[in-house]
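Written below as structure tokens is the structure these notes are about.
The values are calculated or read from the model by the stated rules, or taken from the named source; none is laboratory data. Note that this is a predicted model, so its numbers are computed, not measured. Methodologically, a virtual Cβ is constructed for each residue, glycine included, from the backbone with ideal geometry; neighbour enumeration extends over all protein chains shown.
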């Protein structure tokens, strides 16, 4: 874990992420981030990292269940709900 870097929250609530952190996260040209509050800590991750973690969790759950589930399977299942 790196050393804390001071940032300022504007009166309107905007927080600027320092350039060195944006660059190390791969968002130096702009991009979406996900924010979570964890026990008083604000955590920031890129949207791509959030999707990667979600895919890993879903794959782990599927692996434990012993089932195979494709996008087509998911869409077919959802269509049954859409009809109701």
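Quick test of your reading of the structure: residue 37 fulfils all but one of (1) surrounded by 10 or more Cβ atoms within 10 Å (Cβ to Cβ); (2) within 17 Å of the chain's Cα centre (by Cα). Name the failing condition by number.
(1)
As an exercise: evaluate residue 53 against (1) farther than 25 Å from residue 5 by Cα; (2) surrounded by fewer than 10 Cβ atoms within 10 Å (Cβ to Cβ) and give the number of the one condition it does not meet.
Of the numbered conditions (1) farther than 25 Å from residue 5 by Cα; (2) surrounded by fewer than 10 Cβ atoms within 10 Å (Cβ to Cβ), the odd one out for residue 53 is (2).
For segment 27-48, enumerate the residues that are in contact with a helix residue (DSSP H, G or I) (Cβ under 8 Å, 6 or more places away or on another chain) and not in a strand (DSSP E or B).
Result: 28, 31, 32.
Which residue, of 20, 77, is part of a helix (DSSP H, G or I), surrounded by 10 or more Cβ atoms within 10 Å (Cβ to Cβ) and at pLDDT below 85?
Values: 20 fails: at pLDDT below 85.
None of the other options fit; the residue is 77.
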